[in-house]
Structures are given as C-alpha cells and as structure tokens.
1. Which cross-chain or sequence-distant (5 or more) residues have an amide H under 5 Å from the amide H of residue 92, H modelled 1.01 Å from N in plane?
2. Nearest 10 degrees, 0 to 90: what angle lies between the long axis of helix 831-840 and the longest principal axis of the chain (Cα atoms)?
3. Tell me the mean residue ellipticity at 222 nm calculated for the chain from its helices only (DSSP H runs of n ≥ 4, each -39500 (n - 2.57), averaged over every residue, nearest 500).
4. Calculate the dipole size of segment 33-215 relative to its Cα centre from +1 charges on Lys and Arg beta carbons and -1 charges on Asp and Glu beta carbons; express the result in debye to the nearest 20.
5. What fraction of the Cα pairs in segment 153-195, stated in percent, has a spacing above 13 angstrom?
6. Residue 220: which aspartates and glutamates have alpha carbons under 15 Å from its alpha carbon, excluding same-chain residues fewer than 8 sequence positions away?
7. R0 = 51 Å: FRET efficiency of residue 23 with residue 187, Cβ-based, nearest 0.05?
8. What three numbers, in Å, describe the spread of the alpha carbons of segment 435-535 along their principal axes, ordered from the longest?
Amino acid sequence: MKYSFILFTFFLGLASCKQPVSDAHFYDPGISIELAEYRSQQVKNIHYQLDFSIPEKKSDPIPARLILDLEVMNLDHPLILDFNESSEKVLSVAINGSEIPVRHEEEHLIIAKENLIKGENKIDISFIAGDLSLNRNDEFLYTLLVPDRASTLFPCFDQPDLKANYSLTISAPKDWKVLAGASLVQKEEKGEFAIHRFAKSDLMSTYLFSFVAGKFQSAKSENGYAQEMLYRETNEEKIQASKGEIFKLHQQAVTFLENYTGYKFPFQKLDFATIPIFQYGGMEHVGAIQYRESTLFLDPSATDSELLSRAKLIGHETAHMWFGDLVTMKWFNDVWMKEVFANFMAGKIANPAFPKINHDLLFLTSLYPGAYAEDRTRGTNPIRQELGNLKNAGSLYGGIIYNKAPIMMRQLETLMGEEAFKKGIQSYIRTLANGNADWNDLVKILDKETEEDLVAWSEVWVNQSSRPIFSEKLKINEEGKISSLVLTQTAEDGTDKVWPQVFDLTLVYENEQKIVPVSIKGKSSEILEVQGMSKPIAILYNSNGLGYGVFPVDSNYISEFPKIEDELSRASAYLNLYENTLNGTIKPSQNITVLKQGLASESNEIVVQLMAGQLESLFWKFLSKEKREAELQSLEPFIWDLLQKEQSANVKKNLFNLYQSIAYSNEGIERLYQIWTKKMEIANLKLSADNFTSLAMDLALYGHPKAEEILEEERTRITNSDRRDRFDFLVPALSEDASVRDSLFISFKSPEMREKESWVLAACGFIHHPLRQEESLKHVELSLALMEEIQRTGDIFFPKGWASNTVGQYTAPEALELVESFLKSKPDYNPVLKNKILQATDNLYRAQKIMEK
C-alpha cells in the first residue's frame, strides 16, 4: 500500500508538471506571486548594464539605457519585465540586435516569446528614467527602491528571488559626487559633466540596487576596513564629534558579524551616504548604505541613549549585509525575517560598548511599547503576513515587524539556548549564502539544533496576531500559605490562541522578595513553585521583562511601584500599568499619579524616558480638555521643580523634553521663551541648536504673542541650508491663522508637496496637534481619503505615519465617527490600509471608553 501511494503521487507529479502554467495574473498591475513564481523558473544569470545621464536641473528628464543579459530557460509564456511608468518613457526595445515594437501594458514591458531564444539573450532598452523613487532635489538625488520601486526607475524583474549583477554608468554635473553599490573604476570629465563607471556588482535583489549623486562632502576611514562616507552636514562640532566614531562603529559591526556568523563580509565594499531628508533611519543597500543624516551626526552633548541608538542603527544596517542582502527572503511576506535579525544582531553588536547601560531594560522599553501599540489594536497583524502582489508589500512594514519580531526571537533564543541558536544561524547563512529563504527554511535548520517543536511554537508567535491577557487565581490556605496560583491567558482578540513563553514573577514581602521563573505552555498554568510560600503583599508579574502580554496589577499596590529596587522590574511594572490603563482596569489619573511619584525619585535615564512618554500620552490622549487644563496646574510646576534639582544631564534632558511637550500655560510659555532667548539657563541642561529650533516651533504652536518674531529670529540662527529648507516648509503649519494651516494641509493632495515625507509628517503633527483639533477636525475626511494615493506614491512607512500624525492624534468622538463612517462606506477597502488606520486610531477608539472628564 505504501509503495502504491508513492507511485501514484510520482505519476501525479509528472502529470501536473506537464500542465500549462496559468497566466491569469501575469499582467496584473504590480508583481503578482503567480508571475514571480513563473519568472523564477523562466530566467537566470541576469546582468543589468545601466546608464543614466543626470542633468543639472532636477526638472529635466533623465535619459537612460539598459542592456539586459540573461538566460531564458523556457518559452511557455512571454518575457515580462516590470516598468511602472508611462509607455511614452520606453523609447525603443531591441532583442538580440533586432528592434521590436514596444509593448507596454499594466506596468509591464512585454516581450513576445517569438522574439526570444532559449539560452542567452541580450535586450537593449532606451528609456527615460522614472522619477517616483529618484528623490530629486536641487543639489542631490538618491534612489530608494524598497520594496517594489526598482520598476519605477528602470525595466527589471522586480522580485527578491531574481538576484542579478549590475554594471552602472552615471553621467552627472562634474562637481557632484556619485556613490553606488560597486567600486568606482573610472571617472572621466566631459565639459560640465563627469562620467562615473562602476565595476560589476555582487549579486543582489532589485530593491538593494542604489546610487546617490549630488553636492556632498566625502570622508574615508583611516583605519581598519576601507569605508567612504558622503555627507552634507556643515556643523563642525557635529562632524568632529561624529565622523571617526561612525567609521569605528561600522568596523566593530563587521568584526562582530564575521565572528558570529562564521562568514566573512560578503560584498566588495562598505560605503554609505548620510542624507538630510532620508525617509527612514537607514536602508541597507549593498555597498552603499543610506542613513538619515541627523541619526549619525550627533552633538558632543548627545546622551548615552542617543549614542547607543546610533550604534544600534549602524549595527542594524550592517547586519543586513548578511541578513537580507546575502541571504534574502524569497517573497516579501518574509520581509520581517531580515528585519528581526538586523534588530536582534544590532543589540548584540552595540551593547558591549555601553557597559553602563542595562540592555535588558533598554530592550524592554524600546521594543515592547511599539509592539503593544500595534498588537493591542483592531488592526493588528501576524509577524508573517500573506502577500498576493508585491505592490502591497510596503504596507507589511510596521511595529509588529520591527518590535514584536525581536521579542519573539529572544524567546526563541531562550527556548533553544544561545549556543544552539548561534550554531543554527551559522548553518543558515552558510547553506543559503547568495540565495533566498523563507521562514520554513530557517525553522528546518534551527530544528536540527533543539528538541523543541519549533514548527508548533512558531505557529502562534509568527503566523498569528494579537497578544495574551493574563489573569490570576490565587488561593491562600488557613495558615496564610499559598495553596495554588493559576495563571490563565486569553487572547486579546477573543480567539483560543496560546503563547508558550517564559518569564519571572516576583513575590513581594515586607523585608524580602522572592523571584520565581515560570514557563507557560497552556491556556491555564498552575505555578507549582510557589505552593507553600507565605502570602505576599503583592505579586509582580513579568518582573524580568521577558514575557509578552498584559499581566495582572494590584491597584492597591501601584503606589509602591516607584520603590521597586530593581530597575528592570520597575520599568516592567510601569509598562504593565500603562497597558492595564489602556485596557480600562486602571484610571488614567491613577496612572499619572504613580508616574509623578516615580519621576520624583527616578535616576535611571531609560526609565525616565519611558515614564515621560507615558505621561505625555496620558495627558494629551486620555484627559478631556477641562481635566487636562486642571491637571496642568499641578503637573507643569511639578516638572519644573524637578528640573531645578540636581540630576544627571541625560535625566534632565528627558525631563525638559517632557516639560516642553506640555508647558502651554502662560507661565510655561514664558519660561520656554526665556530659555529660547538664552536669558534663563537650567543647570546641567545641555541644549543643541536643533533643540532651540524645536523650542521656537513649540512657542509658535502654543501661541506666544511674539511667535512671528521668534520664528524669524530662529531662521537667522540656522546655518545649514537643508535644515533651513525644512524650517521654511514647517512655518505655515505653525501659523496662528487657521486658513494658512488649512492651505498647507490641502496642498498635500499634490504628490509633489508630499515628496519630503518626514517634513510632511512633522507639519501634520503641528496642524493636527490636540491644541489645534477644533479647527482641524474638518481635515479628518481628507486625511483618510488620501490614504490609498499615499500608499501608491509614498515610501513604506508613510501611510502609517500619515494616519498617525493626522487622524491618529484626535480624541473627540466626532473624529471616531468620521473614521467608522469612512470604513463602513468602503466595504472593499484595501485590508492592509484598513489595518493601518485601525492601528493609528487605537487611542482614539480607547479614549471614548477611558477618557476622564
């Protein structure tokens, strides 16, 4: 019987191989998974030879040419390249020396199978480069092609599992510098232009191809691994304080990753460019990483947290050279894999250089709030999501990928053990180098290093969404001893999911604490280790910050949270208190009281930063206008008094940021004004030029009577042209005149006005600030209506950022009605975009239930 079944399945397999592949979705806009899977079998040995001629004026078109060498393995269907531009931009197409008619449909350039031969083919295409992903400015441009934007620039196979080599030639104004993924082999001046020819690149996916060109300064590393950096920063203090450290941090990251993975640095070079208006913190382009300039160039007075954030960002992007660039996901539903490894490795790389920082504490405070912020919402999603067409890949990015996935990975490492986990990762890199992998490929490799059932474990952690809500059932016998303690978890979304995990609980007694490690594997788990222990004053759940979910809190004990000695347990308690507040078991005012008590005694910068963020959120989101103004009367002088006390510079900076974010009373505005004019100083508070610019903007937002003069004066202080351009863009968003703010927001209907996305989000933050919401509520409908276009024209984080900085800032029931009416009127609305809206408006939704009046 067994052999009959094998023969049956063998012949069934043969029969299925002979069936023609359906091309039903080949010609859909974007890149369907059906097209991607077919092309991965149709073509190989791809080499793009690209030539771009960049003019001096950014408004002029960029002529380009592509010579595409490839091997065609079958001719069952036409060869379909992706080019998401107008047909007029395809000037000519020649195959193997013969010109053919241009056929461009539904974002694809289609080449009939009759024009091709099996084996090696050469395709020659003259075209005008697409502008959407060129990020053109007067003095520089840069490509950003993740996840499916390479096809908006040039014709290509825009899918991650068709890796290729690139040979790039760029003509640009002769005073411009050019950086690309391969080494520069020749630069030749021709009149007012220079031609830059680069070597043949390493293998890479289309989304990792890039170049940067423009008026940049350059610097090269003096020691260790050869690196070149392009930058536009002009502040000499920042340059001198940062330049050497930036090179050093990249070198340290490479050294660590080579040792950890057992695999040498896999590419020709490690160069990078810092860009003032870059959309993300960084992007891991092969051989030419791009960073947001402000994240790398820091003031000499930068806090330890800021320094560590920079180190982790560099570690993150460098880790991508192995995790993402060398081993790449097969399809973008597994984009989270490269991100989780980059985040996870970033901590391992950067942490040893900062021995004074509690890194378990930082892991908790930097990842859990962001993970919970999406996982608690009605729009949450699994870590691994389904993706039918690459055009929707950008919407997969978010807090679940960047924050929950590393939490999952730490649980997995804890489950397997560090050495077994590391051994599995080395096997993964070695086995799949220069290729592609999905999550199942990784699980199969890791599974060999552990007795745990990783397939079953990952089913809930990776393939399903939401988080557990824990409840306790504590029984005390007549002798005052614990007879039983049962923890029960319920999925927040009402399903039957169960999250296996480990964490500590701490039993608090009058003169001691007892820490008990627990392992949760079922829906209800009896904690046998505590049986027979004396009844505690309180139980602190997840006291080591390793667990994931919402844990019980004793409302009678929350006032004691500031007295918890261990800083990690203390932060975990504050985090859990905040989540219970949002779930309605603790009042916002109770939480604020505890946070104020805690800030009065807290000396740890990381804990202060967590508490300050929570306090600001509770103040603006969950107190009515009347309640907020009543709270302000005591909160503002309370924080001001804390600023007068002796504190470390880092703690004081966080307290001042909190004060600045809420000090909109007449007295508060005057104090901020005195600080901005430098007539008043706070001991041990170090403010940078950027901090003073931020102060000027907040003074305008808060309605200082000299707002126009303040902004005019601040503009004269800004010496960097890029920062001055940003300032000018934001000034209308700060106007006291609502019609000026309205005009700016309405102008965002134009894609050209949305090009500098970080500027747009900052402007929206001012226009829709809680102090402006009565006048800006009328823009909620437009905010929602633009979501689809913003996804189509914007980069990966823009849709969520747009929703969060517009409708996501509101608390009024009228705003919620507009959101629900919008979604109800569109039953077929893009489900991923709907989730982004639900994520962004979760506080608006919760405010209706827990807001205090």
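Read-outs throughout are calculated quantities, based only on the coordinates presented, and are distinct from any laboratory measurement. Just so it is clear, the structure is predicted and the values come from calculations on it, not from any experiment. Cβ atoms come from the backbone with ideal geometry, glycine included; neighbour counts cover every protein chain shown.
1. Under 5 Å from the amide H of residue 92 lie the amide H atoms of 126, each far enough along the sequence or on another chain.
2. 30
3. Details: 29 runs with 351 residues, N = 853.
For the chain, the value works out to -13000 deg cm²/dmol.
4. On the way: 20 positive and 29 negative charges, 121 e Å.
That gives segment 33-215 a dipole magnitude of about 580 debye.
5. Values: 571 of 903 pairs.
Result: 63 percent of Cα pairs exceed 13 Å.
6. Counting by Cα, and skipping residues close in sequence, residue 220 has these aspartates and glutamates nearby: 228, 245, 271.
7. Details: r = 45 Å, r/R0 = 0.88.
Here the calculated transfer efficiency is 0.70.
8. Largest to smallest, the principal-axis extents are 63, 31, 20 Å.
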